[in-house]
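Right, one structure below, let's go through it.
The values are calculated or read from the model by the stated rules, or taken from the named source; none is laboratory data. Quick caveat: nothing in here was measured; it's all calculated off a predicted structure. All Cβ positions, even for glycine, are placed from backbone atoms using ideal geometry, and neighbour counts span all protein chains on display. Protein only, heavy atoms only, side chains kept; ligands, DNA and RNA dropped before computing areas. Shrake-Rupley method; radii C 1.70, N 1.55, O 1.52, S 1.80 Å.
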Amino acid sequence: MSGFASRGGALPGPDGRLRTPWALGSQLMMEYYDTEWGMPVTDERGLFERLCLEGFQSGLSWATVLAKRDAFRQAFAGFDPERVAAFSEDDVQRLLGNPGIIRHRGKIAATITNARATLDLRAEGGLAEHIWSFAPDETPVPYAPDDVPTQSPESQSLARSLKARGFRFVGPTTMYALMEAVGIVDTHVVGSYRRGSSGIRFANSL
């Protein structure tokens, strides 16, 4: 086992590759970690989907949300902001009766509200431009999971900015998780074969 793993950092998976420990929770989580998590997402629909799913994850585990992702996509029209923005109270009731998703009225309503706010944000350059404008110059350098922050000055500023524009379920911790997921920061632990895979170069990249 490597020195990183012996200090509680990156751990070997079934293929021998070192990964951030949470990726080894299940095959689904490992596939997500290997192929998607931390890779740059720069399109409106992709960021809208991830913003909404991070909101649904609040208070729950990401594994729960990931297992329901296909059902979420079907329920929310592929996370097309224009289509979701047109949802009515009838749609809310339909979604509350859908066992494939997380049936939380506040989070369902927030997704519809966030779709409408996403459309409004187009006048300021759009959701993608807005979120990425909060990217930091430096990224964390975690050697173990406990070294990974749960929020940052940038995620706090992003949360305030989105809330001011009508978005909901966008607190600083949720926004930091979003920033990790879409490559704005790199919190793969040092030693993970995925660290640096986003292609984004930070001032303190390892």
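Need the full-extension length gain, GLN27 to GLU82, defined as separation in residues times 0.36 nm minus the C-alpha distance. One decimal, nm.
Once the chain is fully extended between GLN27 and GLU82, it gains 16.4 nm.
Taking Cα atoms only, the orientation of helix 105-121 departs from the longest principal axis of the chain by about 90 degrees. Dimensions of the stretch 1-93 along the principal axes, based on C-alpha atoms and rounded to the nearest Å, stand at 55, 26, 20, largest first.
What does the net charge come to around SER133 if you take all other residues with beta carbon closer than 11 Å to its beta carbon, with K and R at +1 and D and E at -1?
Details: positive: none; negative: GLU124, GLU129, GLU154.
Charge balance in the 11 Å sphere: -3.
For the chain, carbon and sulfur atoms together expose 50% of the accessible surface, with a 1.4 angstrom probe and every protein chain in place. Looking at the calculated P(r) for the stretch 88-179, what percent of the C-alpha pair distances fall above 21 Å? Tail of the P(r) past 21 Å holds 44 percent of the pairs. Mean residue ellipticity at 222 nm, helices only, the chain: -13500 deg cm²/dmol; runs of at least 4 DSSP H residues each add -39,500 (n - 2.57), and the sum is divided by the number of residues.
Highest mean first, what order results for 148-155, 197-204, 57-64 on Cβ atoms within 10 Å? Walk me through the intermediate numbers first.
Values: 148-155: 16.4, 197-204: 12.8, 57-64: 14.4.
Peptide ranking by packing, descending: 148-155, 57-64, 197-204.
Averaging the Cα positions of each part gives two centres, and for the stretch 53-117 and the stretch 15-44 these lie 23 Å apart. Heavy atoms of the protein chains alone define the surface here; on that basis the chain has 45 Å² accessible area per residue at 1.4 Å probe size. By how many degrees, between 0 and 90 and to the nearest 10, does the Cα long axis of helix 44-57 differ from the longest principal axis of the chain? Tilt relative to the chain: about 80 degrees.
Within the chain, the proportion of Cα pairs with more than 29 Å between them is 26 percent.
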